[in-house]
Amino acid sequence: MMIVMKPTATDDQVRAVIERIESCGARAHASRGEEVTVIGAIGDREHVARLGLEGHEGVEQVVPILKPFKLSSAQLKPGERTVVEVDGRRIGGEHFSLIAGPCTVESRDQTLTAARMVAAGGASLFRGGAYKPRSSPYSFQGLGQEGLRLLAEAKAQTGLPIVTELMDARDLESVLEVADVIQLGARNMQNYTLLTELGRAGRPVLIKRGLSATIDELVMASEYVLKEGNPDVMLCERGIRTFETAYRFTLDLMAIPVLKQLTHLPVLVDPSHAAGRRDLVPSLSLAAAAAGADGILVEVHPDPDRAICDGPQQLHAEDFGEYLRQVERVAEIAGKRIAAAV
Ligand code: PEP
Ligand code: MN
């Protein structure tokens, strides 16, 4: 259930409603908007309905949330978008962000060169995996702790916040030392214990859509993080498996407006993993920006031909500045601006 307070409701009235909700064993999540406060009551609907909150002081109306997801639901924040702030960079709302960097951290030189080049090109955040989910156990699995150290050095040199993947809760502490945004990879989207850990970690989380996950399943994954009290969740469409074999995955552009209708969370797009080919990345990025994406997560490498993984899909770092300008133009037409440091 969703309890919409009157614009004139006082803090005491909001607190009293929260206490009533909690008195029947349900959980209350207050979301304070500019105009009104909305309180989500998560628990047994019958119990909450029996509280008769409609008649409570300061309450405008009580509306059932019909979707299985509650805290991520757009209904909870009518007319409002979640804006995640990462070290002064804003993601969501009117802001458009480019998160760029190599697939994986390979060496000091490769990482620092990539970071410097994407920073010079105008990226908002730097991405790079220290722990890599690979289809084959014989492929390079990432530099692990050493990779995290190199990411920290890249941040120290460029000032760009770091986005990196966590695959195993046992690495959470060391990832937290470096990551400004923790990426949950497509293959772990339904790892519910990891999602719960991320909910408790208190660091912004970027959830990538699973290879065969529906939109509802993606949103339910975000619900696991939000439920633990972490409000900074971003969703990322990265291509799904379809019958088409001409390219690696099918980028589901329709997911962008649909996710934005269903939820208040920022929606990003990863054109690199969808395409698996560099030549498709610019047009997919323009299309994503036109469809209203809040940002793009793109792979960029100083020397993709020598990349240890995902070489064919990584943009040449020297082309990144021009690529960003093109995407920025379309994002502006879609009503956004590239997020700049505050
Ligand atoms: C990545 O972004 O490096 C990655 C492995 O992506 P995904 O989880 O979407 O395959
Ligand atoms: Mn990759």
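Among the residues of region 189-240, those identified as among the small types (Gly, Ala, Ser) and more than 16 Å from ligand 2 (Cβ to nearest atom) are Gly199, Ala201, Gly202, Ser212, Ala213, Ala221, Ser222, Gly229. Residues that are in contact (Cβ under 8 Å) with a residue 12 or more places away in the chain and more than 23 Å from Ile182 (Cα to Cα) were ranked within region 293-305; the one that is nearest to ligand 2 (Cβ to nearest atom) is Pro304.
Within the set Ala123, Ala114, Ala119, the sole residue that is assigned to a loop (DSSP other than H, G, I, E, B), small (Gly, Ala, Ser) and modelled with pLDDT of 95 or more turns out to be Ala123.
Scanning region 132-186 for residues that are within 15 Å of Ile207 (Cβ to Cβ) and either without any contact (Cβ under 8 Å) to a residue 12 or more places away in the chain or surrounded by fewer than 18 Cβ atoms within 10 Å (Cβ to Cβ) (or both) yields a single hit, Pro133.
All conditions in (1) at pLDDT below 95; (2) within 16 Å of ligand 1 (Cβ to nearest atom) hold for Ala246, with the sole exception of (2). Counting residues in region 318-341 that are within 16 Å of ligand 2 (Cβ to nearest atom) and free of Cβ contacts under 8 Å to residues at least 60 places away in the same chain gives zero.
Conditions (1) within 19 Å of Gly122 (Cα to Cα); (2) surrounded by fewer than 18 Cβ atoms within 10 Å (Cβ to Cβ), marked per residue:
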position: Glu244; (1), (2): no, yes
position: Thr263; (1), (2): no, no
position: Asp270; (1), (2): yes, no
position: Asp294; (1), (2): yes, no
position: Arg306; (1), (2): no, yes
position: Gly311; (1), (2): no, yes
position: Ile338; (1), (2): yes, no
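Filtering region 108-145 to residues that are hydroxyl-bearing (Ser, Thr, Tyr) and out of contact with any Cys (no Cβ under 9 Å at 6 or more places or on another chain) leaves Thr111, Thr113, Ser124, Tyr131, Ser135, Ser136, Tyr138.
With a requirement of 2 or more residues that are among the charged types (D, E, K, R) and modelled with pLDDT of 95 or more, the helices (runs of 4 or more DSSP H) lying completely within region 270-342 that satisfy it span 320-333. A residue that is of a type in the set (Gly, Ala, Ser), closer than 18 Å to Phe320 by Cα, more than 15 Å from ligand 2 (Cβ to nearest atom) and without any contact (Cβ under 8 Å) to a residue 24 or more places away in the chain occurs somewhere in region 263-284.
Of the strands (runs of 3 or more DSSP E) lying entirely inside region 38-109, those containing at least 2 residues that are surrounded by 20 or more Cβ atoms within 10 Å (Cβ to Cβ) and of a type in the set (D, E, K, R) span 89-91.
The values are calculated or read from the model by the stated rules, or taken from the named source; none is laboratory data. This one's a predicted model, so the numbers in the text were calculated from it and none came from an experiment. Ideal geometry is used to build each Cβ from the backbone, glycine not excepted, and the neighbour counts take in all protein chains shown.
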